[in-house]
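See structure below.
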Amino acid sequence: MDTPPLSGSDSDSDDSLVTDRELQDAFSRGLLKPGLNVVLEGPKKAVNDVNGLKQCLAEFKRDLEWVERLDVTLGPVPEISGPQSTSQNQDPKAVDPEDDFKREMSFYRQAQAAVLTVLPRLHQLKVPTKRPADYFAEMAKSDQQMQKIRQKLQAKQAAMEKSEKAKQLRALRKYGKKVQTEVLQKRQKEKSHMMSAIKKYQKGFSDKLDFLEGDQKPVARSTKEGAKGQQMRKGPNAKRRYKNQKFGYGGKKKGSKWNTRESYDDVSSFRAKTAHGRGLKRPGKKGSNKRPGKRTREKMKSRRH
(Lines give C-alpha, C1' and ligand atoms only; values in the text may rest on other atoms or scores of the structure.)
Protein backbone atom coordinates (compact mmCIF):
# COMPACT_ATOMS: atom_id res chain seq x y z
CA MET A 1 0.00 0.00 0.00
CA ASP A 2 1.36 3.33 -0.98
CA THR A 3 1.83 5.92 1.71
CA PRO A 4 -0.13 9.10 1.18
CA PRO A 5 1.95 12.14 0.37
CA LEU A 6 2.65 14.59 3.18
CA SER A 7 1.32 18.10 2.85
CA GLY A 8 1.96 21.49 4.41
CA SER A 9 4.91 21.80 6.76
CA ASP A 10 5.31 18.01 7.05
CA SER A 11 7.16 17.75 3.75
CA ASP A 12 9.90 19.78 2.14
CA SER A 13 8.97 18.96 -1.47
CA ASP A 14 7.05 16.35 -3.46
CA ASP A 15 10.22 15.10 -5.11
CA SER A 16 11.63 13.88 -1.82
CA LEU A 17 8.72 11.54 -1.12
CA VAL A 18 9.46 7.85 -1.48
CA THR A 19 6.66 5.28 -1.43
CA ASP A 20 6.74 2.01 0.47
CA ARG A 21 6.54 0.01 -2.77
CA GLU A 22 9.66 1.72 -4.11
CA LEU A 23 11.47 1.01 -0.84
CA GLN A 24 10.40 -2.67 -0.95
CA ASP A 25 11.57 -3.02 -4.55
CA ALA A 26 14.91 -1.40 -3.75
CA PHE A 27 15.39 -3.69 -0.71
CA SER A 28 14.57 -6.80 -2.75
CA ARG A 29 17.17 -5.82 -5.34
CA GLY A 30 19.77 -5.32 -2.57
CA LEU A 31 20.10 -1.60 -3.02
CA LEU A 32 19.24 -0.82 0.59
CA LYS A 33 21.47 -1.68 3.50
CA PRO A 34 20.79 -1.61 7.26
CA GLY A 35 21.29 1.82 8.81
CA LEU A 36 20.75 5.36 7.60
CA ASN A 37 20.09 5.53 3.85
CA VAL A 38 20.99 8.78 2.09
CA VAL A 39 20.52 9.50 -1.56
CA LEU A 40 23.96 9.93 -3.10
CA GLU A 41 24.46 12.27 -5.98
CA GLY A 42 27.09 11.68 -8.58
CA PRO A 43 30.11 13.95 -8.96
CA LYS A 44 29.50 17.16 -10.80
CA LYS A 45 31.01 17.49 -14.21
CA ALA A 46 32.97 20.64 -15.01
CA VAL A 47 31.69 21.96 -18.30
CA ASN A 48 33.88 24.37 -20.24
CA ASP A 49 31.22 26.09 -22.33
CA VAL A 50 33.42 28.40 -24.41
CA ASN A 51 30.65 29.50 -26.72
CA GLY A 52 28.38 30.37 -23.81
CA LEU A 53 31.12 32.37 -22.11
CA LYS A 54 31.83 34.31 -25.30
CA GLN A 55 28.15 35.01 -25.71
CA CYS A 56 27.91 36.36 -22.14
CA LEU A 57 31.03 38.44 -22.72
CA ALA A 58 29.57 39.94 -25.88
CA GLU A 59 26.41 40.94 -24.00
CA PHE A 60 28.06 43.19 -21.39
CA LYS A 61 31.17 44.21 -23.32
CA ARG A 62 31.36 47.86 -24.34
CA ASP A 63 33.76 49.37 -26.81
CA LEU A 64 35.09 52.28 -24.71
CA GLU A 65 38.34 54.20 -24.75
CA TRP A 66 41.16 53.28 -22.37
CA VAL A 67 40.70 56.48 -20.33
CA GLU A 68 37.21 55.30 -19.43
CA ARG A 69 38.34 51.76 -18.67
CA LEU A 70 41.80 52.31 -17.07
CA ASP A 71 42.55 48.58 -17.20
CA VAL A 72 46.10 47.31 -16.92
CA THR A 73 47.26 43.73 -17.20
CA LEU A 74 50.63 42.70 -15.86
CA GLY A 75 52.25 39.45 -14.95
CA PRO A 76 54.01 38.62 -11.68
CA VAL A 77 56.79 41.07 -10.82
CA PRO A 78 60.01 39.55 -9.44
CA GLU A 79 61.61 40.91 -6.30
CA ILE A 80 64.72 42.83 -7.30
CA SER A 81 65.30 44.89 -4.15
CA GLY A 82 66.86 42.04 -2.18
CA PRO A 83 70.51 41.12 -2.84
CA GLN A 84 69.65 37.40 -2.78
CA SER A 85 67.17 37.46 -5.66
CA THR A 86 67.35 34.23 -7.65
CA SER A 87 65.74 32.86 -10.74
CA GLN A 88 63.02 31.32 -8.62
CA ASN A 89 61.63 34.79 -7.86
CA GLN A 90 61.06 35.36 -11.55
CA ASP A 91 59.02 32.16 -11.79
CA PRO A 92 55.30 32.77 -11.00
CA LYS A 93 55.10 29.41 -9.33
CA ALA A 94 57.90 30.39 -6.91
CA VAL A 95 55.44 32.38 -4.74
CA ASP A 96 53.97 30.07 -2.14
CA PRO A 97 50.20 30.68 -2.02
CA GLU A 98 50.08 29.45 1.57
CA ASP A 99 52.58 32.09 2.72
CA ASP A 100 50.47 35.19 3.43
CA PHE A 101 53.39 37.59 3.63
CA LYS A 102 54.97 36.58 0.32
CA ARG A 103 51.60 36.52 -1.40
CA GLU A 104 50.72 40.05 -0.21
CA MET A 105 54.17 41.32 -1.19
CA SER A 106 53.64 39.85 -4.67
CA PHE A 107 50.34 41.75 -4.96
CA TYR A 108 52.03 44.92 -3.73
CA ARG A 109 54.86 44.71 -6.29
CA GLN A 110 52.39 44.00 -9.08
CA ALA A 111 50.22 47.00 -8.15
CA GLN A 112 53.29 49.24 -7.89
CA ALA A 113 54.51 48.16 -11.32
CA ALA A 114 51.02 48.81 -12.75
CA VAL A 115 51.04 52.37 -11.34
CA LEU A 116 54.50 53.05 -12.78
CA THR A 117 53.32 51.78 -16.18
CA VAL A 118 50.12 53.84 -16.23
CA LEU A 119 51.45 57.19 -14.97
CA PRO A 120 53.37 58.17 -18.16
CA ARG A 121 50.38 57.23 -20.26
CA LEU A 122 48.08 59.42 -18.14
CA HIS A 123 50.54 62.31 -18.41
CA GLN A 124 50.51 61.98 -22.20
CA LEU A 125 46.70 62.14 -22.17
CA LYS A 126 46.89 65.18 -19.82
CA VAL A 127 44.91 63.49 -17.09
CA PRO A 128 45.64 64.96 -13.61
CA THR A 129 47.00 62.41 -11.18
CA LYS A 130 47.29 64.57 -8.04
CA ARG A 131 44.54 65.93 -5.83
CA PRO A 132 44.19 69.74 -5.94
CA ALA A 133 44.68 71.79 -2.79
CA ASP A 134 41.01 72.92 -2.67
CA TYR A 135 39.61 69.44 -3.24
CA PHE A 136 36.47 68.74 -1.20
CA ALA A 137 35.26 65.20 -0.77
CA GLU A 138 32.18 64.01 1.03
CA MET A 139 32.80 62.06 4.22
CA ALA A 140 32.24 58.35 4.04
CA LYS A 141 30.50 58.48 7.44
CA SER A 142 27.63 60.75 8.43
CA ASP A 143 27.94 63.64 10.84
CA GLN A 144 25.96 61.75 13.50
CA GLN A 145 28.36 58.83 13.35
CA MET A 146 31.36 61.16 13.55
CA GLN A 147 29.74 62.95 16.51
CA LYS A 148 29.37 59.62 18.34
CA ILE A 149 32.99 58.79 17.62
CA ARG A 150 34.08 62.21 18.83
CA GLN A 151 32.08 61.83 22.07
CA LYS A 152 33.55 58.39 22.66
CA LEU A 153 37.08 59.70 22.11
CA GLN A 154 36.45 62.62 24.46
CA ALA A 155 35.08 60.29 27.15
CA LYS A 156 38.11 58.03 26.77
CA GLN A 157 40.48 60.99 27.00
CA ALA A 158 38.66 62.32 30.09
CA ALA A 159 38.91 58.89 31.76
CA MET A 160 42.64 58.75 30.99
CA GLU A 161 43.15 62.26 32.40
CA LYS A 162 41.19 61.33 35.53
CA SER A 163 43.27 58.19 36.01
CA GLU A 164 46.49 60.13 35.50
CA LYS A 165 45.36 62.76 37.99
CA ALA A 166 44.54 60.07 40.55
CA LYS A 167 48.02 58.57 40.06
CA GLN A 168 49.59 61.99 40.60
CA LEU A 169 47.55 62.52 43.77
CA ARG A 170 48.64 59.15 45.12
CA ALA A 171 52.25 59.98 44.33
CA LEU A 172 51.90 63.38 46.05
CA ARG A 173 50.39 61.73 49.13
CA LYS A 174 53.29 59.30 49.33
CA TYR A 175 55.75 62.16 48.88
CA GLY A 176 53.92 64.22 51.53
CA LYS A 177 54.10 61.35 54.01
CA LYS A 178 57.79 60.93 53.26
CA VAL A 179 58.48 64.65 53.78
CA GLN A 180 56.45 64.64 57.00
CA THR A 181 58.41 61.67 58.32
CA GLU A 182 61.69 63.36 57.46
CA VAL A 183 60.57 66.56 59.24
CA LEU A 184 59.58 64.62 62.37
CA GLN A 185 62.89 62.76 62.37
CA LYS A 186 64.76 66.04 61.96
CA ARG A 187 62.86 67.60 64.88
CA GLN A 188 63.53 64.57 67.05
CA LYS A 189 67.22 64.73 66.16
CA GLU A 190 67.39 68.44 67.00
CA LYS A 191 65.61 67.82 70.30
CA SER A 192 67.99 65.04 71.28
CA HIS A 193 70.96 67.22 70.30
CA MET A 194 69.67 70.10 72.44
CA MET A 195 69.09 67.80 75.43
CA SER A 196 72.60 66.44 75.15
CA ALA A 197 73.96 70.00 74.94
CA ILE A 198 71.99 70.98 78.05
CA LYS A 199 73.34 67.99 79.96
CA LYS A 200 76.87 68.84 78.93
CA TYR A 201 76.37 72.43 80.13
CA GLN A 202 74.91 71.26 83.44
CA LYS A 203 77.83 68.89 84.01
CA GLY A 204 80.32 71.58 83.11
CA PHE A 205 81.71 70.00 79.95
CA SER A 206 80.73 73.07 77.94
CA ASP A 207 80.25 76.75 78.77
CA LYS A 208 78.49 77.72 75.53
CA LEU A 209 74.82 78.61 75.34
CA ASP A 210 74.46 78.56 71.57
CA PHE A 211 71.93 75.72 71.72
CA LEU A 212 69.37 78.10 73.23
CA GLU A 213 69.17 80.03 69.98
CA GLY A 214 67.67 76.99 68.20
CA ASP A 215 69.31 77.61 64.82
CA GLN A 216 72.67 76.01 65.46
CA LYS A 217 73.92 73.30 63.22
CA PRO A 218 75.01 69.96 64.66
CA VAL A 219 78.72 69.93 65.36
CA ALA A 220 80.74 67.45 63.38
CA ARG A 221 82.10 64.36 65.10
CA SER A 222 85.70 65.33 64.57
CA THR A 223 85.03 68.78 66.06
CA LYS A 224 83.45 67.18 69.12
CA GLU A 225 86.35 64.81 69.62
CA GLY A 226 88.83 67.68 69.21
CA ALA A 227 87.01 69.82 71.78
CA LYS A 228 86.85 66.92 74.23
CA GLY A 229 90.58 66.17 73.85
CA GLN A 230 91.42 69.84 74.27
CA GLN A 231 89.27 70.01 77.40
CA MET A 232 90.98 66.98 78.93
CA ARG A 233 94.39 68.45 78.18
CA LYS A 234 93.46 71.76 79.84
CA GLY A 235 92.17 70.07 82.99
CA PRO A 236 88.97 70.85 84.96
CA ASN A 237 86.75 73.66 83.79
CA ALA A 238 86.12 76.93 85.60
CA LYS A 239 83.21 75.62 87.62
CA ARG A 240 85.22 72.68 88.96
CA ARG A 241 88.20 74.86 89.75
CA TYR A 242 85.99 77.29 91.69
CA LYS A 243 84.51 74.49 93.79
CA ASN A 244 87.93 73.03 94.49
CA GLN A 245 89.12 76.43 95.63
CA LYS A 246 86.07 76.92 97.85
CA PHE A 247 85.64 73.47 99.37
CA GLY A 248 89.03 71.92 98.70
CA TYR A 249 89.96 68.77 96.96
CA GLY A 250 88.76 65.74 98.90
CA GLY A 251 91.30 63.40 97.38
CA LYS A 252 90.93 60.18 95.59
CA LYS A 253 87.94 58.16 96.71
CA LYS A 254 88.24 54.97 94.71
CA GLY A 255 91.21 52.64 94.97
CA SER A 256 92.56 54.13 98.21
CA LYS A 257 93.14 50.66 99.75
CA TRP A 258 94.86 49.15 96.78
CA ASN A 259 98.36 47.78 97.32
CA THR A 260 101.27 49.26 95.48
CA ARG A 261 104.84 48.09 95.02
CA GLU A 262 106.05 50.48 97.76
CA SER A 263 103.38 49.44 100.26
CA TYR A 264 104.08 45.78 99.53
CA ASP A 265 107.82 46.18 100.19
CA ASP A 266 107.30 48.30 103.35
CA VAL A 267 107.29 45.96 106.48
CA SER A 268 108.13 48.57 109.11
CA SER A 269 104.68 48.35 110.70
CA PHE A 270 104.76 44.55 111.04
CA ARG A 271 104.53 43.25 114.66
CA ALA A 272 104.97 39.53 115.36
CA LYS A 273 103.07 39.66 118.68
CA THR A 274 99.96 41.14 117.11
CA ALA A 275 100.14 39.03 113.94
CA HIS A 276 97.80 36.06 113.34
CA GLY A 277 95.30 37.07 115.98
CA ARG A 278 97.71 36.86 118.85
CA GLY A 279 97.86 40.44 119.73
CA LEU A 280 97.76 42.11 123.17
CA LYS A 281 94.61 41.62 125.28
CA ARG A 282 92.53 44.55 126.25
CA PRO A 283 92.79 45.67 129.90
CA GLY A 284 89.86 44.87 132.21
CA LYS A 285 89.06 41.52 130.67
CA LYS A 286 90.51 38.29 132.09
CA GLY A 287 90.05 35.53 129.69
CA SER A 288 86.75 34.40 128.40
CA ASN A 289 83.66 34.29 130.72
CA LYS A 290 81.83 31.26 129.49
CA ARG A 291 78.65 29.99 131.19
CA PRO A 292 78.91 26.40 132.54
CA GLY A 293 76.67 23.71 131.20
CA LYS A 294 73.42 22.49 132.72
CA ARG A 295 74.83 19.39 134.36
CA THR A 296 77.70 21.34 135.84
CA ARG A 297 75.30 23.89 137.28
CA GLU A 298 73.23 21.10 138.93
CA LYS A 299 76.33 19.61 140.55
CA MET A 300 77.27 23.02 141.86
CA LYS A 301 73.79 23.41 143.41
CA SER A 302 74.01 20.00 145.09
CA ARG A 303 77.32 20.85 146.64
CA ARG A 304 75.92 24.04 148.10
CA HIS A 305 73.19 22.20 149.83
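Listed values, structure above:
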quantity	calculated
Criterion (assigned to a helix (DSSP H, G or I), more than 18 Å from V72 (Cα to Cα) and open to solvent by less than 100 Å² (accessible area, probe 1.4 Å)) met by exactly one of A159, A113	A159
Scope the stretch 97-110; condition assigned to a helix (DSSP H, G or I) and farther than 15 Å from P78 by Cβ; matching residues	D100, F101, E104
R303 farther than 30 Å from K203 by Cα and modelled with pLDDT of 80 or more	yes
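Let's see how each residue does on (1) over 40 Å from the mean Cα position of the chain (by Cα); (2) of a type in the set (S, T, N, Q); (3) open to solvent by less than 80 Å² (accessible area, probe 1.4 Å):
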site	(1), (2), (3)
A137	yes, no, yes
A140	yes, no, no
D143	yes, no, no
K148	no, no, no
K152	no, no, no
A155	no, no, yes
A166	no, no, yes
L172	no, no, no
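The values are calculated or read from the model by the stated rules, or taken from the named source; none is laboratory data. None of the values given here were measured: they were computed from a predicted structure. Here Cβ is always computed from backbone atoms with ideal geometry, including for glycine, and neighbour counts include all displayed protein chains. Just so you know, the surface numbers come from the protein's heavy atoms only, side chains and all, with ligands and any DNA or RNA stripped out. Shrake-Rupley method; radii C 1.70, N 1.55, O 1.52, S 1.80 Å.
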